[in-house]
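One structure is given here, and the rest of the page talks about it.
Taken together, the values in this text are just the output of simple stated rules run on the coordinates, not laboratory data. All of these numbers come straight from a predicted model, not from anything done at the bench. Here Cβ is always computed from backbone atoms with ideal geometry, including for glycine, and neighbour counts include all displayed protein chains.
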Amino acid sequence: MGAAAAVAAFTVVPRHVLGGPRQIPPSEKVNIAGVGVGGQGGGDINNVSSQNIVALCDVDWNRAGGTFRRHPNARKYKDFRVMLDKEDKNIDAVVVATPDHVHAVASITAIKRGKHVYCEKPLTHSVYEARMVAEAAREHKVATQMGNQGQASEGTRLICENIWGGAIGHVREVHVWTDRPLRGLSDVYWPQGVGRPEDTPPVPDKLDWDLWLGPAPERPYHPAYVPFRWRGWWDFGTGALGDIGCHSIDPIWRALKLKAPLSVHAACTLVNNETYPVASRVTYQFGARGDMPPVKLHWYDGGMRPPRPDELDDGQTFGDNGTLFVGDKGKMLGYRIIPESRRKEFGNAPKVLERSPGHHQEWIDACKGGKPAGSNFDHAGPLAEAVLLGNVALRPSIKEKLTRVNLLWDSANMKITNVPEANQYLHRQYREGYSL
Amino acid sequence: MRDIVMANQKDTGKQKFKISRRDFMGAATAVAAYTIVPSHVLGGPRRVPPSEKLNIAGVGIGGRGAGDLHEVGSENIVALCDVDDRYAAKVFKSYPNAKKYHDFRVMLDKEKNIDGIVVATPDHAHAVVAMMAIKMGKHVYCEKPLAHSIYEVRKLTEAAREAGVATQLGNQGQASEGTRLVDEFIRDGALGPVREVHSWCNRPISPRGIDRPKDTPPVPDTLNWDLWLGPAPYRPYHPCYLPFSWRGWWDFGTGVLGDIGCHQFVSIFRALKLGYPTSVEACSSGVNSETAPLASIVRYDFPAREGMPPVKLTWYDGGLMPARPQELKEGLRFGNADDNLFIGDKGKMLGHRLLPESRSKEYGRPPRVLPRSPGHHKEWINACKGGEPAGSNFDLAGPLTEVVLLGNVALRMGRQLYEKGLKLYYDGPNMKVTNLPEANKYIRSEYRDGWTL
């Protein structure tokens, strides 16, 4: 233990003293390691493969096989702690695309070593983790980017420019929805609203179940969790809201210049302590910002959505995923102003925002001393916190309290002020061997 | 082909027709005319003076029917019918003098002295039972929803009007003080013009969002499965359907909306004088051809009525509900069990409580302009004895139930509506969805051979 502290000190402090991460001139390549490379991580690694992929880490070498084969020169690991320790000198930056419950411990371990971090959405599994990760990144001056690639799109910019240009007047109400965890109405991406399986099938070859669990509480392996379907389980995933919220709330956050919500309320189908509910509606109240009035943000998932706006023409699609801004002077479905008459009358908003070189490129540029990426953790942290706060309201014991109150949120002190027992869901104890 | 027995009894005698279905289809119009007209010509059902007791029969008595029979216990309970001996055993026992039947058709045929019947079967059998009774000139109390399909509801409503029988739907809340207060607040202008109403119910009891079972356990000795199925398409017996859990299965029940919508919409319909909506849309947590969804939201657009502006009515079930209104002070209950929220230009009302509390206190009670009810079942008994029509007689309950069931039409369109987020445009008088004709298959349910309205 004594030695461990010394080792940690030795590996972190010098960089900090030296002023953070290695300076990488634009002409050089960033040395990148991947943590969790079998699923979305494979895509992320592919998107940064203009750089040097020096090391890859996955707890399931079977699922990671494809990515391993595409990068035969990268050294392979199962435990990100071992990789970061052994490859410390060789790694400039880390791409984290593990299940949600491992994001924070992997990211913060890297950040404390002065590594730049690209982390999949949602930034973390809990509100507290999101706060800690964002603070650490700021302190260690590393370049960061969350994996909500839509932030780099033209659509996100058009939404901002339309609203800032006055296309729909003041916005007091926004609705945002996804069909997830459903896929359409007759299939699912992953199950929610189910209980814990009782059988204990053997752990597959090539999967290190203990490392997969990471900081989460111990439980026996089951294919109900891995791969991908961990999203529906409280201990590992963050439900439909966590999966999609950081994508679809991001443009709202930017356009309406949102800061932490004042309160949150939720309604959902029967929910248990194992999995997220089948369908939910989560409502956030935000205060006034500058000359923008208070706004209510309604999130819907599992097939729920707001009413079709009368301003849509017959036959126009009101899809299974979308965002509806309700302003004093009109509405916007995504960046499309409705009704059509208002869209024509308004025309195009002035182009005031810079366009992106690409979501992953933004991060690479930032790693090389360029400007911060669009979803750097100073932006992504508060966004992820709000998303994850919605999940606190869906917890079975908290949902019951919501018949009488909204959860009032004191963001500065990271505290739900009127339902104290809800604060236990802002963070959790880690298993031994894991810490922030 | 299965034989059909249609019967018509009057005080003066009886005609009985035994015809094959093939013949029947051709002769249907003539027969229908023949079976209804005589009663009508003779002035409809037997006149029962207020001093006398009605002779009442119950059909479907094991569950909710038992409660209904208890509520009309001041009258003579002369006959009882149920297809499930075990489920109905206790109720059979508590009426030792009532004749017992499995088949309502046999009961109505044999028991000449019945004045009125109480129908509390599963939804899919309401219409065939109620219709046979109506055509025989019996008064009918029928549990909600009035029937399983919009088409059935329309036919029942018309038949009851024609036969001149006293009717009442089992939405007992219609008789309550609360329903009158809602109406009186709105008449008094407490909310100003109402443009939006939200109604929700979290009734989690019946299984939904599941597929048909594949195993085929044996039918219990105590159950007549064929009669339980009645007009519904044949399928093998399974305990997942009964008792009670049929509600979630499209072939038998009508989901939470059908179960509860007629209760919760009645105060909205009355106070806002609603008729048919112009359109309906729905979303849900996933819907299949077997069962209703676990959770759903159904939205209706109603046109302007008698000086009232167009109004949007939103239904939520499965735990979904609207966001907590800002006017509701922290600590006051905004429960997910069930409630209605009215939003007017001048205020909001939760159930029959004005929001915020301060406005409720300041306003007090609206002027009492509506007559109060002697009780929901009593209304029907009075109507059977020549009194005024009951509060939820089929002329009122029919259109209400049609609107409720129209929500299920939208839900059952599932993906087709969901992906593009379309509305169904509805022509109420003609019972037709005008923009997506494939939806019209859900307006009327197919009957098994041997069953007809």
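What to note about this one:
- For a straight C-alpha distance cut-off of 19 angstrom, the aspartates and glutamates reachable from A:Lys76 (same-chain residues fewer than eight places away being disregarded) are A:Asp44, A:Asp58, A:Asp60, A:Asp85, A:Glu87, A:Asp88, A:Asp92, A:Asp205, A:Asp208, A:Asp210.
- Partner chain coverage, peptide A:394-406 - average Cβ within 10 angstrom: 3
- Computed E for B:Asn113/B:Arg64 - FRET, C-beta separation, R0 30 angstrom, nearest 0.05: 0.75
- Extension gain for the segment B:Glu362 to B:Val106, taken as residue separation times 0.36 nm less the Cα-Cα distance, is 86.2 nm to one decimal.
- In Hz, Karplus ³J(HN,Hα) per residue of the stretch B:438-448 (6.51, -1.76, 1.60; θ = phi - 60°; x = Gly, Pro): 5, 5, 5, 5, 8, 6, 9, 8, 6, 9, 5
- A:Arg75 long-range amide H proximity, modeled H, under 5 Å: A:Ala55, A:Leu56
- For the peptide B:419-431, the mean number of other protein chain Cβ atoms found within 10 angstrom of a residue's Cβ is 3.
- Restraint check, B:Lys144/B:Lys348; B:Lys138/B:Lys378; A:Lys257/A:Lys296; B:Lys155/B:Lys432; B:Lys53/B:Lys385, Cα-Cα greater than 19 Å: B:Lys144/B:Lys348
- Taking trypsin sites (Lys or Arg not before Pro) across the stretch A:262-355, the ones in a DSSP loop with at most 12 further Cβ atoms lying within 10 angstrom of their Cβ are A:Lys351, A:Arg355.
- Where only alpha carbons of the stretch A:343-436 are counted, the Rg and the Dmax (Å): 19.9, 61
- In units of the compact-protein estimate 2.2 N^0.38 Å, the stretch A:172-283 shows a Cα radius of gyration of 1.24.
- For the stretch B:426-437, Karplus couplings with θ = phi - 60° (6.51, -1.76, 1.60), whole Hz, Gly/Pro x: 10, 9, x, x, 9, 6, 9, 7, 8, 9, 9, x
- Centroid-to-centroid separation of the stretch B:158-221 and the stretch A:256-329 [C-alpha atoms, Å]: 28 Å
- Reachable aspartates and glutamates from B:Lys273, criterion Cα separation under 13 angstrom, eight or more residues apart if same chain: B:Asp183, B:Glu184, B:Glu306
- Sites matching GluC sites (Glu not before Pro) across the stretch A:346-422 that sit in DSSP coil, with at most 16 neighbouring C-beta atoms within 10 Å: A:Glu354
- With all pairs of different C-alpha atoms in the average, the Kirkwood value for the hydrodynamic radius of chain A is 22.5 Å.
- Helices in chain B, meaning DSSP H runs of at least 4 residues, each add -39500 (n - 2.57). Divided by all residues, the mean residue ellipticity at 222 nm is -10000 deg cm²/dmol.
- Note on chain B: with charges restricted to the Cβ of Lys and Arg (+1) and Asp and Glu (-1), its dipole about the Cα centre is near 380 debye.
- Take the Kirkwood radius over Cα pairs of the protein assembly as shown, plug it into Stokes-Einstein at 25 °C and 0.890 mPa s, and you get 81 µm²/s for translational diffusion.
- Helical contribution to [θ] at 222 nm, DSSP H n ≥ 4, -39,500 (n - 2.57), averaged over chain A, rounded to 500: -9000 deg cm²/dmol
- Restraint check, A:Lys121/A:Lys368; A:Lys29/A:Lys121; A:Lys401/B:Lys312, Cα-Cα greater than 27 Å: A:Lys401/B:Lys312
- Taking Cα atoms only, the orientation of helix B:150-163 departs from the longest principal axis of chain B by about 60 degrees.
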